[in-house]
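Only one structure is covered here, and it is reproduced in the block below.
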Amino acid sequence: MATAIITGASQGIGACIAKRLAKDGFDVVINHYPSDSDKEKALAVAEECRAFGVKAEYYSADVSKFADCENMVKQVKADFGTIDALVNNAGITKDSLLARMTEEAYDTVIAVNQKSVYNMMKNVCSVMMKQKHGSIVNVSSVAGLYGNAGQVNYSASKSAIIGMTKSVAKEYGRKNIRCNAVAPGLIRTPMTDVLSDDLKAKMLEAVALRRYGEPEEIASVVSFLVSENSSYITGQVIEISGGLSM
Ligand code: NAP
């Protein structure tokens, strides 16, 4: 049985990806931030995944911390035997215009959204190298492609993920490890629930399909990218934004 790790999978897009990959037949590792409420949510996601007849366990780790990722990957390897897919999904926002953005808000977003991708890929790639196969999907954003007012920190982290994706694809292609990114637009999750109605309406005007995306619509593309159906695709960024740009 193949194993997939999904970071930040206690809710939103990550939880949806975990359930979709379980449905596809992956054993799933549901990473959650080390808090009691996230653990409760991760437990529920794991139960939903198990309903598909696969193994599903939740692991507490702050992915912005290298040691947490190193320990989690070691534990997963011991518990599951292989790591065949990695989805770097965990992410946060701390939005404000640059003039008001604190250094703390900048550094925290970079640590959680970007450094985490280094932390996880560094540890998982060494496992995948020995296996001589693997597929990684990094969750970027349209903000990383086009920028967004009020999101200098977030767009910096999401652009960096795209560069990291292409570099890893080039470094590890010969080892049969693929690395791609998805760049979601406006997706209905707890992250976007907090935006003002005015801002949401303005953003939707730029979307050709004139609606939010659903987490399932991200999960289906991730499912494709970790599967053999995409065996000749690496180093690519797939925008999933309902036609935000063309
Ligand atoms: P979400 O509902 O806020 O989920 C993000 C998850 O990541 C949460 O479970 C969160 O836990 C977890 N997380 C945060 N920091 C973490 C850490 N240090 N270690 C481990 N887990 C951590 O957001 P979402 O909308 O599903 O977003 C998922 C990904 O898609 C993110 O990378 C986001 O940037 C990206 N994205 C989302 C949209 C959108 O419109 N929703 C658009 C483009 C890209 P806590 O709840 O404890 O923080």
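The numbers here are math on the coordinates, done by the rules we state, and not lab data. Treat the numbers as computed from the prediction; the structure is a model and nothing was measured. We place every Cβ from the backbone using ideal geometry, glycine too, and count neighbours over all the protein chains shown.
Within this structure, ILE187 passes the test of being under 16 Å from ALA18 (Cβ atoms), touching a Pro at 6+ places or on another chain (Cβ under 9 Å) and surrounded by 17 or more Cβ atoms within 10 Å (Cβ to Cβ). For region 60-78, the tally of residues that are over 20 Å from MET129 (Cβ atoms), within 10 Å of the ligand (Cβ to nearest atom) and either aromatic (Phe, Trp, Tyr) or not in a strand (DSSP E or B) (or both) stands at 6. List every residue pair whose Cβ atoms lie under 6 Å apart, where the two residues are 6 or more positions apart in sequence or sit on different chains, the first residue falls within region 69-80 and is exposed (fewer than 15 other Cβ atoms within 10 Å of the Cβ), and the second residue, located anywhere, is assigned to a helix (DSSP H, G or I). Taking only residues 6 or more apart or on different chains, not a single pair turns up.
Quick grid of which residues meet (1) in contact (Cβ under 8 Å) with a residue 40 or more places away in the chain; (2) over 19 Å from the mean Cα position of the chain (by Cα); (3) within 14 Å of the ligand (Cβ to nearest atom):
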residue	(1), (2), (3)
ALA156	yes, no, yes
ASN180	yes, no, no
THR189	yes, no, yes
ASP193	no, no, yes
LYS202	no, yes, no
ALA206	no, yes, yes
MET246	no, yes, no
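Please determine, by comparing only the residues of region 208-244 that are over 12 Å from ARG178 (Cα atoms) and among the small types (Gly, Ala, Ser), which one is farthest from the chain's Cα centre (by Cα). Only one residue fits best here, namely ALA208. Taken over region 1-18, the residue count meeting the criterion of being in a loop (DSSP other than H, G, I, E, B) and under 21 Å from HIS133 (Cβ atoms) is 3. Give me the pairs: first residue in region 113-129 and farther than 14 Å from ALA181 by Cβ, second residue acidic (Asp, Glu) and more than 10 Å from the ligand (Cβ to nearest atom), beta-carbon distance under 8 Å, and six or more apart or on different chains, which are they? These pairs meet every condition: ASN119/GLU70; ASN123/GLU70; MET128/ASP84. Checking each residue in region 89-111 for being surrounded by 24 or more Cβ atoms within 10 Å (Cβ to Cβ) and either among the β-branched types (Val, Ile, Thr) or away from the ligand (no atom under 15 Å from the Cβ) (or both) picks out only VAL109. Can you confirm whether region 126-147 contains a residue that is away from the ligand (no atom under 15 Å from the Cβ), within 24 Å of ILE218 (Cα to Cα) and under 14 Å from the mean Cα position of the chain (by Cα)? So far as region 126-147 goes, yes, one or more of its residues are away from the ligand (no atom under 15 Å from the Cβ), within 24 Å of ILE218 (Cα to Cα) and under 14 Å from the mean Cα position of the chain (by Cα). Do we find a residue being under 18 Å from GLY14 (Cα atoms) and within 19 Å of the chain's Cα centre (by Cα) anywhere in region 162-176? No - not one qualifying residue is present in region 162-176.
Suppose we filter GLY173, GLY185 for residues that are over 22 Å from ASP95 (Cα atoms) and small (Gly, Ala, Ser); which single one remains?
Step by step, each of GLY173, GLY185 is checked, and only GLY173 is over 22 Å from ASP95 (Cα atoms) and small (Gly, Ala, Ser).
For region 13-42, a residue qualifies if it is over 20 Å from LYS65 (Cβ atoms), among the small types (Gly, Ala, Ser) and crowded, with 22+ Cβ neighbours inside 10 Å, and the qualifying residues are ALA15, ALA18, ALA22.
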